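K.L.:
Pasting a structure below so you can have a look.
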Amino acid sequence: MISEKMAKALNEQINKEIYSAYLYVGMAAYAASMALGGISNWFQLQAREELGHASKLMHYLNEQGKDLVLKAIAAPDQKFTSVAGLFDKTLEHEKEVTASIHNLVTLAKKEADYATEIFLQWFVTEQIEEEASVSDIIQKLEIGGKGGNAILVLDKALALRK
Ligand code: FEO
């Protein structure tokens, strides 16, 4: 059985994962409004992945006999001004999520909650991948000069994400 404090922290993480999905849905819509279907596809899949993360946490809470406590999801900022800006914001956001996961691991260690510590390892690894994939996109855009052609090439590439 996990502590009430840990259950609360995991519930807060669920809120953050769903917020992430909400943020990426907004970015997908922005890309779609610019006729960038591939980039929109990438963000839609990213949003779906975030809901998967929330489900994983919800399942774990349930296995540990703790209740899911849903709170309001904040409205993300939708003032996007460029495609490059979407990915910069995504990386910044993912870094915040990584810090949040690390805080959960720190709490698990402090409470000698071995089960949660092991459970969280999947998220620690996942965050490395999350940050790396966005960094890769940012680098490619920089190489291409962040201009129209670079964006169109990226759009084509990101359309392939399934
Ligand atoms: Fe669920 Fe993108 O972190």
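The values are calculated or read from the model by the stated rules, or taken from the named source; none is laboratory data. Please read these numbers as outputs of a predicted model, since none were measured by experiment. Every residue, glycine as well, gets a Cβ built from its backbone with ideal geometry; the counts of neighbours run over all protein chains shown. Remember, those area values only see protein heavy atoms, side chains included, never the ligands or the DNA or RNA. Shrake-Rupley method; radii C 1.70, N 1.55, O 1.52, S 1.80 Å.
K.L.:
Could you let me know the centre-to-centre spacing of the range 1-51 and the range 84-162, using Cα atoms, in angstrom?
P.N.:
Comparing the Cα centres of the range 1-51 and the range 84-162, I get a distance of 12 Å.
K.L.:
If you average the sequence gap of Cα pairs under 8 Å that are 6 or more apart and divide by the length of the range 4-158, what percent do you get for the contact order?
P.N.:
It comes to 28 percent, rounded to a whole number.
K.L.:
Right, next: Among 54, 68, 19, flag the residue with its Cα farthest along the positive direction of the charge dipole of the chain, charges on Cβ as +1 for Lys/Arg and -1 for Asp/Glu.
P.N.:
The residue sitting farthest along the positive end of the dipole is 19.
K.L.:
Turning to a different aspect of this structure: Using DSSP to call loops (not H, G, I, E or B), can you name the chymotrypsin sites (Phe, Trp or Tyr not before Pro) in the range 19-105 whose Cβ has at most 15 other Cβ atoms within 10 angstrom?
P.N.:
Listed in order of number, the matching sites amount to none.
K.L.:
Rounded to the nearest 0.05, what FRET efficiency do residue 1 and residue 34 give with R0 = 41 Å and r taken as the Cβ-Cβ distance? Could you check?
P.N.:
Efficiency for this residue pair is about 0.25.
K.L.:
Hey, another quick one. In degrees, nearest 10, range 0 to 90: what is the angle between the Cα axis of helix 148-158 and the longest Cα principal axis of the chain?
P.N.:
For helix 148-158, the angle is close to 50 degrees.
K.L.:
Right, here's the next one. Would you mind working out the accessible area per residue for the range 1-149, using a 1.4 Å probe, and quoting it in Å²?
P.N.:
Spelled out: the 1.4 Å probe surface of the range 1-149, per residue, equals 53 Å².
K.L.:
Additional query: Cα extents of the range 4-158 along the three principal axes, largest first, in whole Å?
P.N.:
Extents along the principal axes: 52, 28, 21 Å.
K.L.:
Residues of the range 127-162 with amide nitrogen under 17 Å from the 7 Å Cα-to-Cβ point of residue 92?
P.N.:
131, 134-135, 138-139
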